[in-house]
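The structure appears right after this line, and notes come after that.
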Amino acid sequence: LPAVTSPCKILKCNSEFWAATSGSHHLGTEEVPEFCTALRTYAHCTRRTARTCRGDLAYHSAVHGIDDLMEQHNCSKDGPTSQPRLRTLPPGDSQERSDSPEICHYEKSFHKHSAAPNYTHCGLFGDPHLRTFTDTFQTCKVQGAWPLIDNNYLNVQVTNTPVLPGSTATATSKLTIIFKSFQECVDQKVYQAEMDELPAAFVDGSKNGGDKHGANSLKITEKVSGQHIEIQAKYIGTTIVVRQVGRYLTFAVRMPEEVVNAVDDRDSQGLYLCLRGCPLNQQIDFQTIRSAQATEGRARRKGPSLPPSPEAFTYETATAKCREKLPVEDLYFQSCVFDLLTTGDVNFMLAAYYAFEDVKMLHSNKEKLHLYERTRELAPGNMASSGSLPALWVVLLCLSQCWLSFL
């Protein structure tokens, strides 16, 4: 069968540039003109393939990288270009080619002199709580199937089901991840996990990206059998962590901003929870949770309409339990308390704990690990109402005096 090739030739441009600059890792002053010539050749190659590379991640990375390098080395866009010199292959190395696995590596597509990519994080856990790519924290209802991620390279969908019959509390019972076929790196792969089934392989039984030369740029690793898997998609710089905690699943991802925003038509993209958050009608106001939790917990324990939970928590016992694993009273801690009161299932404490552990591993900004509830500023009307109490007493005093005079 004839080989299937992509019309976008950016990988060929990349490999030619790397071949031309393979001996220029430490540029001296005398080597800058040669490096600028290679950059202009690189830029010319990307322009030739621009029409067929619309929406291609590697292409846009290359274009931005070329501009940065030209500015750093004061290269003129006008000047001589040359054909790249080809590297001599080591003896016996017949696999060295333009579509070699090294090219299917997102971070290596950034030259060491250009800026490193910016990474973002999204996570979903518990009943369910969502941390978006913009570090917005939400507690949502979202029963049924919902898309978490939907871009040119990756689709992630979760299904949330009620934790208890008749209860509004839901948790993730199914997760589907589709890695789209990407140039000469990986074939399309589908990963699927469900309650009590966390496989360490794709649906087709494989553990990597298939038959293409860059197949190992997509790999599944089992960290704890039946409880914790990690998927490395190096060709898009992405790491995904899936856990089963108790009966339910948690999801966490580290992804470059460029991949997050890689969509051909944002207006027709539809809902995308990790990027846009939950719809307003699916959100629970986290600022009213604590005041409602105690009442809801008492009603759940006394009300005959709901079945009994595995363990009955008061606000005080839930707080004490969550503090065992989450000593900082941030939104992960508050989520833990909320989930224990809502479900009575201590595994939700572990889900919040592991969600925060994944944040520590995946989030690139260590100053944003903890998220806290924002206090609402009192509106002028609210301030006026609190300040009107003395005036009310004056009015009452006047009325009482007038009534005494009347008598």
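The values are calculated or read from the model by the stated rules, or taken from the named source; none is laboratory data. Note that this is a predicted model, so its numbers are computed, not measured. Using ideal geometry, Cβ is built from the backbone for each residue, glycine included, and neighbour counts are taken over all protein chains shown. In case anyone asks, the SASA skips ligands and DNA or RNA and just uses the protein heavy atoms, side chains included. Shrake-Rupley method; radii C 1.70, N 1.55, O 1.52, S 1.80 Å.
Ignoring ligands, DNA and RNA, what percent of the 1.4 Å accessible area of the range 103-276 is carbon and sulfur? All intermediate terms of the calculation are to be shown ahead of the outcome.
Working: 2930 of 6610 Å².
After summing per-atom areas, the C and S share lands at 44 percent.
Centre-to-centre, using Cα atoms only, the range 229-261 and the range 170-226 are separated by 11 Å.
Given a 1.4 Å probe and the protein chains as shown, K234 ends up with an accessible area of around 90 Å².
Given 0.36 nm per residue, what is the gain on full extension from Q283 to E367 after removing their alpha carbon distance, in nm? Show your work: numbers first, answer last.
Details: separation 84, 0.36 × 84 = 30.24 nm, distance 2.60 nm.
Net length gain for the segment: 27.6 nm.
Each peptide in 178-187, 193-202 was scored by the mean count of other Cβ atoms within 10 Å over its residues; highest first, the order is 178-187, 193-202.
Coupling constants for the range 136-144 follow from the phi torsions by the Karplus curve (6.51 cos²θ - 1.76 cosθ + 1.60, θ = phi - 60°), and in residue order they are 8, 10, 9, 10, 10, 8, 5, 6, x Hz; glycine and proline get x.
Sorted largest first by accessible area at a 1.4 angstrom probe radius, with every protein chain in place, the residues V203, V142 fall in the order V203, V142. Sorting 46-54, 214-222, 119-127 by average packing, meaning the other beta carbons within 10 Å per residue, from highest down gives 119-127, 214-222, 46-54.
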